[in-house]
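**Q** Below is a structure I'd like to ask you about.
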Amino acid sequence: MTADLTLSIWPTAQQTSRTQRAGRYLELSGRHPAKMLRAIAARAVATYTEPGSLVLDLMAGVGTTLVEAVHLGRDAIGIGIGIE
């Protein structure tokens, strides 16, 4: 049965979150309680969309998925609530 399963591994944590975000995000974004690793967002966008596609993030948070989508040549729109 295990031979029928497709395995997908995304190597995304070879660098710390702080290292992945350095120079690409505002320092303030590091304080968000639920930030996504940049590498995860970039991998998802690159895998499931084509350049020129529109990426919609309904829980955008600090915008990691949106930033990575734009860097990969996609259009991006997101919705989120502000936190202090």
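The values are calculated or read from the model by the stated rules, or taken from the named source; none is laboratory data. Predicted, not measured: the structure shown is a model, and the values here were computed from it. Cβ coordinates were reconstructed from backbone atoms using ideal geometry, including for glycine residues, and neighbour counts include every protein chain displayed.
**Q** Got a number for residues in the stretch 42-58 being in contact with a strand residue (DSSP E or B) (Cβ under 8 Å, 6 or more places away or on another chain) and among the small types (Gly, Ala, Ser)? Give the steps one after another, and end with the answer.
**A** Just the residues of the stretch 42-58 that are in contact with a strand residue (DSSP E or B) (Cβ under 8 Å, 6 or more places away or on another chain), to begin with: 45, 49, 52-58.
Imposing the further condition that a residue be among the small types (Gly, Ala, Ser) reduces the set to 52-53.
So the answer is 2.
**Q** Here is a follow-up. Could you list, in sequence order, the residues of the stretch 22-69 that are under 21 Å from ILE81 (Cβ atoms), touching a residue at least 40 places away in the same chain (Cβ under 8 Å) and not hydroxyl-bearing (Ser, Thr, Tyr)?
**A** Residues satisfying the conditions are HIS32, PRO33, VAL67.
**Q** Quickly run through the stretch 1-51 and pick out the residues that are among the basic types (Lys, Arg) and at pLDDT 80 or above.
**A** To start, the set of residues in the stretch 1-51 that are among the basic types (Lys, Arg) comprises 18, 21, 24, 31, 35, 38, 43.
Within the stretch 1-51, ARG18, ARG21, ARG24, ARG38, ARG43 qualify.
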